[in-house]
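Input: a single structure, listed below in structure tokens.
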Amino acid sequence: MASKMFVVFVFGLLIGFAIAFAAMRVVEQRRAVATQTCVATLTQTQTMCVELQTPIYVTSPATMVNASVSSVGCGVGVLVDKSYFQAVQSLLERANKSIYIAMYAMKYDPAEPGDPVNKLLNIVVNKSRYGVDVKIVVDDVTYKDYPDTIAFLLGNNISVRLDESSGRTIHAKLVIVDNRTAVLGSHNWTESALQLNHEASIEIDCPDAVKTLLNYFDSLWASGRTIKQ
């Protein structure tokens with residue numbers, strides 16, 4: 001009787017080990033698929049990795065990305081150097097509700113139609129003409145050093161404000177589209193930042209995080225100084 005119970009015990013133990021091993025294999029396979037997806041995307045432009053249960057680390061020639069976020073379904077993309085322009089251009093082109101921008105330096109160059117900043121601002125203006133809500137907050141450095149930017153925006157009926165005081169610097173580089181996706185980091189909207197400098201920013205597609213950034217932008221806008229044409 002005892003030997004029979006021992007056999008049953010051992011058999012049950014083996015089944016338990018088999019189930020645990022199978023579960024571990026499923027988790028590892030899911031991680032592998034996610035990592036392969038991230039790596040494949042990284043080799044194209046930037047990443048849009050969806051978190052599973054644990055942080056996913058992937059490597060590219062330029063950087064290492066931690067794609068873990070606070071909740072399942074949130075995406076984080078790393079935008080280094082020139083990849084920022086392509087990502088933000090695509091994001092702006094997809095906008096159908098709102099575009100909110102807070103930027104330290106924004107340089108429109110009327111003498112160079114192919115300037116990357118001109119391309120981004122032209123998309124913003126066109127979206128505004130089709131009913132997308134556009135609001136831009138810039139620092140005094142843009143107002144003083146790049147007056148063509150202010151003239152271009154106001155001349156195209158874009159709502160633009162300065163931060164609350166000339167003694168306060170808005171050093172943020174933030175773009176929020178459709179209250180869902182945000183891009184923030186070191187990229188100013190200048191040709192040097194978009195084409196020449198080493199810069200790093202992130203694209204976030206995560207409702208909770210973007211809501212926090214949206215509230216932050218709203219506070220900048222509410223306290224901002226109106227610019228008259």
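Derivation of every value follows stated rules applied to the coordinates shown; laboratory data play no part. Computed from a predicted model, the values in this text were never measured in an experiment. Don't worry about glycine lacking a Cβ; one is built from the backbone with ideal geometry, like all the others, and counts go over all protein chains shown.
General observations
- Relative contact order computed over region 104-147 (Cα-Cα under 8 Å; 6+ residues apart), in percent: 53 percent
- Rounded, prolate or oblate (a/c below 1.5 giving rounded, otherwise prolate when a/b exceeds b/c) for region 95-204 by Cα gyration tensor: rounded
- Ranked by how many other Cβ atoms sit within 10 Å of their own Cβ, fewest first, the residues ILE136, ILE158 fall in the order ILE158, ILE136.
- Qualifying GluC sites (Glu not before Pro) in region 122-229, where qualification requires a DSSP coil assignment and no more than 14 other C-beta atoms within 10 Å, are lacking entirely.
- Gain in span if fully extended, TRP221 to LYS144, counting 0.36 nm per residue against the direct Cα distance: 25.8 nm
- Neighbour counting of Cβ atoms within 10 Å sorts the residues SER90, SER83, fewest neighbours leading, into SER90, SER83.
- For the pair THR169 and ASN96, label points projected 7 Å from Cα toward Cβ lie 4.0 nm apart.
- Ranked list, fewest to most other Cβ atoms within 10 Å of each Cβ, for LYS228, LYS135: LYS228, LYS135
- 13 Å Cα-Cα reach of LYS211 towards aspartates and glutamates, excluding residues that sit fewer than 8 places from it in its own chain: ASP178
- Cross-link pairs beyond the 18 Å C-alpha cut-off, checked among LYS119/LYS228; LYS82/LYS119; LYS82/LYS144; LYS135/LYS173; LYS107/LYS173: LYS119/LYS228; LYS82/LYS144
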